[in-house]
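A short worksheet on the structure shown next.
The values are calculated or read from the model by the stated rules, or taken from the named source; none is laboratory data. Because the structure is a prediction, the values reported are computed rather than measured. Cβ placement follows ideal geometry from the backbone for every residue including glycine, while neighbour counts extend to all protein chains displayed. The protein model used for the area step is the full one, side chains on, heavy atoms only, and it has no ligands, DNA or RNA in it. Shrake-Rupley method; radii C 1.70, N 1.55, O 1.52, S 1.80 Å.
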Amino acid sequence: MATEMAALLKPVSKIGYCHSTTILPRRISTIRMSAATTTTPTKPSGSGKNKNKKAIKETLLAPRFYTTDFDEMEQLFNVEMNKNLNEAEFEALLQEFKTDYNQTHFVRNKEFKEAADEIQGPLRQIFVEFLERSCTAEFSGFLLYKELGRRLKKTNPVVAEIFSLMSRDEARHAGFLNKGLSDFNLALDLGFLTKARKYTFFKPKFIFYATYLSEKIGYWRYITIYRHLKANPQYQCYPIFKYFENWCQDENRHGDFFSALMKAQPQFLNDWKAKLWARFFCLSVYVTMYLNDTQRTAFYEGIGLDTKEFDMHVIIETNRTTARIFPAVLDVENPEFKRKLDRMADLNSKIIAIGETDDIPLVKNLKRVPHIAGLVSELLAAYLMKPIESGSVDIAELDPQLVY
Ligand SMILES: [Fe+2]
Ligand SMILES: [Fe+2]
């Protein structure tokens, strides 16, 4: 899993290309996230062996951990009960995962620490946040896939093994990002995260929609950043981006696996309810990314990207990919869709700004009401825009450029 279903955190000041010469002390701190879904920062641990551990804030839409109805999953993947399961296709996918194309890809070098030491000022904080959020999102995928691999072992060993191999990929991604944090003298406490985070329950059908979109949007985010930095190496200020080319192929394969899973469950794709849910999940994922990223323009500008242009490119490409399997998608190429996203981003900034004033909570809430109402109304209007009827196309027929 790659993308962030992430938080609406504080806006950051706009800054340009990273460059500095100050070097920070090399003390490592461990970052924890609280289990509470509030916008209040948790208190840093202040004594004993925890004195170097600091907490980071978790907000309502911070990268989430998911759980599902594993009994229903077992039924869905029981080959006796589900004759749509194309065993040959899953066997072929399993062989591909076993090949493990990226087994030797994630090897670090001394460039990392040197580059991190050069990143100072506001961009340093933004980089740390990027690494933390990405690591949490990858780790979330690891936990879900690992559990699915464990729970489906008896019912469908092939599908179970693919899940286990995907959890291997996600553990590698999360570990690589956490090593990146060590370049900034920090580390995410993943053991603590596993126990302390709140898990969001989604029925299997919703896990399929959300995870498919998450993998594909992750693919498009990584490949877009990689191609941009390859063409504009002056913005290549931290070597992790050089790994995105192969890395995103893992996410692409994960997405293709979910595509195969959904084809094996046509009841999730072929009725009017499926069309409504497909549009809902597309909208949730696109809006979440847009609102989050427009609160973090410093990061994208720091690597030479225009945040909104980058997001629209990712949304359009993800939507085109998704249209191959989802029964309906949003008309994101209609200029009105972007206008609505921009209005939502403005309203979101106002809501966040109110939260940062010194007003008492009641006054803040009252001030927020009209903006929240405006945001909900824009969301609804975007959802109700004329959709694009789409449908399942065999993944073997995918446009070659999609596979990169
Ligand atoms: Fe990943
Ligand atoms: Fe993934």
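Taken over the stretch 89-98, the criterion of being open to solvent by 70 Å² or more (accessible area, probe 1.4 Å) and over 25 Å from the mean Cα position of the chain (by Cα) is satisfied by 91, 95. For the stretch 210-241, a residue qualifies if it is in a helix (DSSP H, G or I), more than 15 Å from ligand 2 (Cβ to nearest atom) and crowded, with 16+ Cβ neighbours inside 10 Å, and the qualifying residues are 224, 225, 226, 228, 229, 235, 239, 240, 241.
Quick check: is even one residue across the stretch 242-256 of a type outside the set (Phe, Trp, Tyr), surrounded by fewer than 23 Cβ atoms within 10 Å (Cβ to Cβ) and away from ligand 1 (no atom under 16 Å from the Cβ)? Checked the stretch 242-256: at least one residue is of a type outside the set (Phe, Trp, Tyr), surrounded by fewer than 23 Cβ atoms within 10 Å (Cβ to Cβ) and away from ligand 1 (no atom under 16 Å from the Cβ). From the residues in the stretch 118-153 that are of a type in the set (Lys, Arg) and without any contact (Cβ under 8 Å) to a residue 40 or more places away in the chain, which one is least open to solvent (accessible area, probe 1.4 Å)? Step by step, filter the stretch 118-153, then rank; the result is 146. Determine whether the stretch 170-192 contains at least one residue that is open to solvent by 10 Å² or more (accessible area, probe 1.4 Å), in contact (Cβ under 8 Å) with a residue 12 or more places away in the chain and farther than 22 Å from residue 129 by Cα. No - not one qualifying residue is present in the stretch 170-192.
Results for (1) within 16 Å of ligand 1 (Cβ to nearest atom); (2) of a type in the set (Asp, Glu); (3) assigned to a helix (DSSP H, G or I); (4) touching a residue at least 12 places away in the same chain (Cβ under 8 Å), shown as yes or no for each residue.
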residue	(1), (2), (3), (4)
260	no, no, yes, yes
275	no, no, yes, yes
293	no, yes, yes, yes
301	no, yes, yes, yes
332	no, no, no, yes
336	no, yes, yes, yes
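May I ask you to verify whether residue 360 is modelled with pLDDT of 95 or more, of a type in the set (A, V, I, L, M, F, W, C) and open to solvent by 50 Å² or more (accessible area, probe 1.4 Å)? So residue 360 fails the test.
Every condition in (1) open to solvent by less than 10 Å² (accessible area, probe 1.4 Å); (2) closer than 27 Å to residue 233 by Cβ; (3) touching a Leu at 6+ places or on another chain (Cβ under 9 Å) holds for residue 300 except the one numbered (3). Residues in the stretch 154-169 that are open to solvent by less than 10 Å² (accessible area, probe 1.4 Å) and away from ligand 2 (no atom under 15 Å from the Cβ): 159, 160.
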